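Notes to accompany the following structure.
The values are calculated or read from the model by the stated rules, or taken from the named source; none is laboratory data. Computed from a predicted structure; not experimentally measured. Here the Cβ is made from the backbone with ideal geometry for all residues, glycine too, and neighbour counts use every protein chain on show. Surface areas here come from the heavy atoms of the whole protein model, side chains and all, with no ligands, DNA or RNA. Shrake-Rupley method; radii C 1.70, N 1.55, O 1.52, S 1.80 Å.
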Amino acid sequence: MKLKSKIVVLSLLLFIAALAAPAQKKPDVEVISDRDQLKAIVPASFYFAGLSGGTQIRNSAVAKFGEKRFVISGLVDVSGYSTEISGVYEGFLITDSPIKIGDKNLELGAYGIGFAQKGELNVFDISGKKVLTVGTTKDPGMRRPRPLMMTSDAGGVRLYKGRDYVLISPN
C-alpha cells in the first residue's frame, strides 16, 4: 500500500511540475506587407560605405516580433556604387533588438547585406566590413519568388532572396 501511495504522490508531483514548467512559446511574429505600412517604416534610402542608395520599396520587407521589435530589410539601387562594393552589397538589414540569423547572433543595428552565389548571406557593418556569413537554404517549393521578401516561419521569419532564404528569429 505504501508503494502505491508513493507512486500516486510522485505522479501528482510530476503532473504539477509539467503544468508549471514554461511552455516553449513560438515567437509572436507579424510580417508586414501593406504598402502604406512599408512606406511608413522602411527608409527611403540607406547609407553604406560612404554612399547613399535609394531603397526599392517593392523589394522591401518588415517583420514585427512582439509589440515593438522590428526587422527591416530591403534592396537598394547600387548603380552609383563601385563594382567592388556593388558586387557584394545589394541591400540592408535593420534590427532594433538582437536577433539570430540562422545560428549566428546579430546585435541591434543597421547593416548592409548581400546574398552570395554560393549559398550564403553576408552581413556587413555600414563601413563595409563583413561581420558575419550565414549559409542559406534553397526553397524549391517557392512558387513565385520575388527579389526580396519575408514569410512567417515556426521559428521566426524567413528572409528570401529569390528561392534562397535565411531564418531570422528573436534573440
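Quick rundown of the values:
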{"quantity": "Cβ-Cβ under 6 Å pairs, at least 6 apart or on other chains, segment 29-51 side at negative phi and surrounded by fewer than 18 Cβ atoms within 10 Å (Cβ to Cβ), far side aromatic (Phe, Trp, Tyr) and in a helix (DSSP H, G or I)", "calculated": "none"}
{"quantity": "Test result for SER127, of a type in the set (Gly, Ala, Ser), open to solvent by 20 Å² or more (accessible area, probe 1.4 Å) and touching a residue at least 12 places away in the same chain (Cβ under 8 Å)", "calculated": "yes"}
{"quantity": "SER5, sole failed condition from (1) open to solvent by 70 Å² or more (accessible area, probe 1.4 Å); (2) at pLDDT below 65; (3) assigned to a helix (DSSP H, G or I)", "calculated": "(1)"}
{"quantity": "Boolean, ASN105 is touching a residue at least 60 places away in the same chain (Cβ under 8 Å), touching a strand residue (DSSP E or B) at 6+ places or on another chain (Cβ under 7 Å), open to solvent by 60 Å² or more (accessible area, probe 1.4 Å) and of a type in the set (S, T, N, Q)", "calculated": "no"}
{"quantity": "Residues that are touching a residue at least 40 places away in the same chain (Cβ under 8 Å) and closer than 12 Å to GLY112 by Cα, drawn from segment 52-85", "calculated": "SER73, GLY74, LEU75, ILE85"}
{"quantity": "Within segment 71-171, strands (runs of 3 or more DSSP E) holding 2 or more residues that are among the aromatic types (Phe, Trp, Tyr)", "calculated": "109-116"}
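Table: residues versus (1) open to solvent by 40 Å² or more (accessible area, probe 1.4 Å); (2) aliphatic (A, V, I, L, M); (3) modelled with pLDDT of 95 or more.
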residue: GLY74; (1), (2), (3): no, no, yes
residue: GLY87; (1), (2), (3): yes, no, no
residue: GLY109; (1), (2), (3): no, no, yes
residue: VAL131; (1), (2), (3): yes, yes, yes
residue: ARG144; (1), (2), (3): yes, no, no
residue: GLY155; (1), (2), (3): no, no, no
